[in-house]
Amino acid sequence: MNAAAAPPREAPGVPAACAGHAAMESAAFPAPVRVLAILVVAGLAAFALWSLPALRGAAWSAGSLALFALAGLCIAWTGWWIVHGKTRFDGVRISQSWLWGPKSAEVHDVAHLKLVHWQALERIVAPRLLVRRRNGSLTWFHAADARLLTAFAARVADGMGKAPQG
């Protein structure tokens, strides 16, 4: 938790009690998952380097080379975000950095949510929150610290039944 963060801005329909809470931040995935991602990406890179002499002898088309390079980039990019992804809750909005850009949801915009958390497996399966917005869109948020997700869920529960103002 980051107690030195600036107070979050208020949003319509959010209880006043939410505004004074300090921001929370967590890695998107637990440490063992991040280590596993590093090992998988490094292992695949090592295998590619080991295979290089045999691959040089094969006849490759430009399309095959491009597909091979693109697959490698996708693996590395996904591994990067598993290791460096962060989830943040500021009392009003939950956001997570991810592959194609940040994803976020505000407390007053949530129609339904579901917490998926197996406490016995939380070191290898990241707790996650499925958020359905009022417009019908769905977003998954992952956090290594389940308290961040439950804090967001509690704020949503506090604001349920209150119509957005303004």
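The values are calculated or read from the model by the stated rules, or taken from the named source; none is laboratory data. Values in this document were obtained by computation on a predicted structure and should not be read as measured data. Glycine also receives a Cβ, built like all others from the backbone with ideal geometry; neighbour counts cover every protein chain displayed.
Per-structure values
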item: Filter result for the condition that a residue is modelled with pLDDT under 85, closer than 24 Å to Gly101 by Cβ and out of contact with any Gly (no Cβ under 9 Å at 6 or more places or on another chain), over Ala5, Ala76; result: Ala5
item: Positions within the range 123-142 being closer than 18 Å to Pro32 by Cα and either part of a loop (DSSP other than H, G, I, E, B) or free of Cβ contacts under 8 Å to residues at least 40 places away in the same chain (or both), in sequence order; result: Arg123, Ile124, Val125, Ala126, Pro127, Arg128
item: Lys86, sole failed condition from (1) surrounded by 14 or more Cβ atoms within 10 Å (Cβ to Cβ); (2) within 21 Å of Ala28 (Cβ to Cβ); (3) in contact with a helix residue (DSSP H, G or I) (Cβ under 8 Å, 6 or more places away or on another chain); result: (3)
item: Number of the exception - Lys114 against (1) surrounded by fewer than 17 Cβ atoms within 10 Å (Cβ to Cβ); (2) in contact with a strand residue (DSSP E or B) (Cβ under 7 Å, 6 or more places away or on another chain); (3) over 25 Å from Pro32 (Cα atoms); (4) of a type in the set (Lys, Arg); result: (3)
